[in-house]
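So the structure is just underneath, and the comments pick up after that.
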Amino acid sequence: MKLSHPLHYLALLAIAASQLAPYSPARAENKTVTVFAAASLKNALDEVATRFLGATGNRVLISYAASSTLAKQVLAGAPADVFISADQAWMDHLEKNSAIASTSRQPLLSNALVVIAPQGSTAQLTLSEGFDLKPLLGDGRLAVAETTSVPAGKYAKAALEHFGAWQSLEPRLAQAPDVRAALALVARGEAPLGIVYASDAAAEPAVRVVATFPAASHPAIIYPIALTSEATSAEAARFVAFAAGIDAANIFARHGFTSLMCDADCRKTN
């Protein structure tokens, strides 16, 4: 049965963590927590992992890729302790196949969807019904993550459909294996425009935001986190609690994410 409120589960994690011996470099059993995480989390989650190592002595090994790719790897038996998806659908898929510990599943972060251009571009765009990107694309293509399975691409397709622009733009897409690959196409000037997360744009100085899609134009961008069904260590549970806590919330905020487990008042206490 799923717990009624995220904080209930965090309380259980905190109890489990408190039963662990305090970290001491002289006697710690340094254990590794293996995390499979959506590619868009890389900069922020790397920093969270470093902070976690300093706080607990436990290393975090993170594999980044499209949520679809990682979910399929978990189902195939890949040795992950924690999964963080960029959408609910792939976490749903794992839960239906008993690949995660259902009671550990919680919404961790949210994000926004933006149109980007290379930093030196003069492109301007107003998002409205039937907007036309073709004059801005010229002979180029619109860089997006793969639109049938990768969360960022699915959000992009939904947003374009909302504005009635999908049909005309579908033939002009450059579909990448994940959102960071789409970001790289624009950053290198290989695509004149792209659709990525706001956090991706914030992580790449070689691009600038041209427009931000309204939240109502696509499904809510939610990153759920969960222990996999194979996770057995207290360290894995401790990492999930840490990722949902105050220190991590501040790190995620600096990288353009919004914490769903620690609100603004919570972050102010840090």
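Within the range 180-198, if we keep just the residues that are of a type outside the set (A, V, I, L, M) and surrounded by fewer than 24 Cβ atoms within 10 Å (Cβ to Cβ), the residue that is nearest to K157 (Cα to Cα) turns out to be P192.
Could you tell me whether S104 is buried (at least 18 other Cβ atoms within 10 Å of the Cβ), small (G, A, S) and closer than 27 Å to H255 by Cα? Spell out how you get there, then give the answer.
On the way: buried (at least 18 other Cβ atoms within 10 Å of the Cβ): yes; small (G, A, S): yes; closer than 27 Å to H255 by Cα: yes.
Answer is yes for this residue.
Residues being in contact with a Phe, Trp or Tyr (Cβ under 9 Å, 6 or more places away or on another chain), among the polar types (S, T, N, Q) and touching a residue at least 60 places away in the same chain (Cβ under 8 Å) are represented in the range 36-55 by at least one member. Restricting the range 24-41 to residues that are at pLDDT 95 or above and assigned to a strand (DSSP E or B) leaves a set whose member that is farthest from D87 (Cα to Cα) is V33. Here the condition is being within 30 Å of V33 (Cβ to Cβ) and buried (at least 22 other Cβ atoms within 10 Å of the Cβ); of E235, E230, it holds for E235 alone.
For the range 213-251, the candidate set comprises residues that are of a type outside the set (F, W, Y), part of a loop (DSSP other than H, G, I, E, B) and touching a Leu at 6+ places or on another chain (Cβ under 7 Å); within that set, the residue that is nearest to R51 (Cα to Cα) is A244. Checked against the criterion of being in contact (Cβ under 8 Å) with a residue 60 or more places away in the chain, under 27 Å from I62 (Cβ atoms), among the β-branched types (V, I, T) and touching a helix residue (DSSP H, G or I) at 6+ places or on another chain (Cβ under 7 Å), the range 240-247 contains one or more residues that satisfy it.
The values are calculated or read from the model by the stated rules, or taken from the named source; none is laboratory data. It should be emphasised that the depicted structure is a prediction, and the values quoted were computed from it without experimental measurement. Every residue, glycine among them, receives a Cβ derived from its backbone with ideal geometry; neighbour counts consider all protein chains shown.
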